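The values are calculated or read from the model by the stated rules, or taken from the named source; none is laboratory data. In this text, all values refer to a predicted model and were calculated from it rather than measured experimentally. Every residue, glycine among them, receives a Cβ derived from its backbone with ideal geometry; neighbour counts consider all protein chains shown. Each accessible area value is taken on the protein alone, full model and side chains, heavy atoms only, with ligands, DNA and RNA left out. Shrake-Rupley method; radii C 1.70, N 1.55, O 1.52, S 1.80 Å.
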Amino acid sequence: MRIRSVILLSILAIFFSFTENSETRIDVNNLDEDKLELLILEKVNELRKNKRKPLLVKNSILGLAATNQANFLKKNKQLVHNQKSRKTRTPMDRTDFYGGKFRYVGENIAYTYLYERVKGAINKRNSTVLRSYEATAEYFYQLWKNSKTHYKNLVDEDFNLSQIRFSYDSKTNRIYGVQVFGAF
């Protein structure tokens with residue numbers, strides 16, 4: 001009887017260890033930007049699919065422009081679309097700087113904090129602590145989805161290309177996200 005109980009408890013422990021938490025914890029010293037981007041892009045493309053808009057495909061030039069802006073935001077600790085440099089002032093300037101020839105460009109920016117309590121993205125009264133890629137992706141997605149101007153970019157039917165890049169400030173635990181959209 002005792003052996004059966006031990007075996008049953010062992011099997012249950014193994015089962016629950018696999019099903020307990022399917023979320024991937026963020027290692028701030030080794031941020032997997034591609035994983036975070038993919039999780040957000042899946043949500044954006046699901047929204048676009050439901051709205052009968054073309055799905056977004058990743059584009060490396062938009063990625064360079066997004067990286068440039070994410071690094072600018074981290075360095076300046078401000079949430080702005082325009083930079084001081086004439087060559088990279090606007091989102092369009094940045095894509096042109098990296099060799100893009102887009103006829104139409106858009107940009108979504110946001111920041112939040114990792115491993116600190118933050119206000120809810122949908123309901124400010126519901127706070128949360130972002131520790132996983134999945135929770136952080138959902139948070140960025142909800143920030144953009146629930147903002148009129150950002151939402152417009154998410155569902156703009158002219159956009160068919162995009163890339164999302166991030167920068168992380170270890171001093172403040174702030175993570176900046178930049179999604180750049182393009183259309184030829």
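Things to note:
- Taking the listed residues Arg117, Arg131, the one that is of a type in the set (Lys, Arg) and within 14 Å of the chain's Cα centre (by Cα) is Arg131, with no other qualifying.
- Single residue of segment 115-133 satisfying the filter (in contact with a helix residue (DSSP H, G or I) (Cβ under 6 Å, 6 or more places away or on another chain) and under 18 Å from Asn173 (Cβ atoms)) that is surrounded by the most Cβ atoms within 10 Å (Cβ to Cβ): Leu130
Conditions (1) at pLDDT below 95; (2) out of contact with any Leu (no Cβ under 7 Å at 6 or more places or on another chain); (3) closer than 16 Å to Leu31 by Cβ, marked per residue:
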residue	(1), (2), (3)
Lys101	yes, yes, no
Glu107	no, yes, no
Thr112	no, no, yes
Ala121	yes, no, no
Asn126	yes, yes, no
Tyr168	no, no, yes
Arg174	no, yes, yes
Gly182	no, no, no
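- In segment 8-58, the residues that are farther than 21 Å from Thr112 by Cβ, modelled with pLDDT under 95 and open to solvent by 90 Å² or more (accessible area, probe 1.4 Å): Leu8, Leu9, Ile11, Ile14, Phe15, Phe16, Phe18, Glu20, Ser22
- Within segment 65-75, the residues that satisfy the criterion of being within 14 Å of Ile109 (Cα to Cα), out of contact with any Lys or Arg (no Cβ under 6 Å at 6 or more places or on another chain) and either open to solvent by 80 Å² or more (accessible area, probe 1.4 Å) or not aliphatic (A, V, I, L, M) (or both) are Gln69, Asn71, Phe72, Lys74.
- Against the criterion of being of a type outside the set (Lys, Arg) and either in a helix (DSSP H, G or I) or open to solvent by 50 Å² or more (accessible area, probe 1.4 Å) (or both), Gln83 does not qualify.
- Taking every residue in segment 62-84 that is farther than 14 Å from Ile175 by Cβ and pairing it with any residue that is open to solvent by 80 Å² or more (accessible area, probe 1.4 Å), at least 6 positions away or on another chain, the pairs with Cβ-Cβ distances below 6 Å are Asn82/Arg89; Gln83/Arg89.
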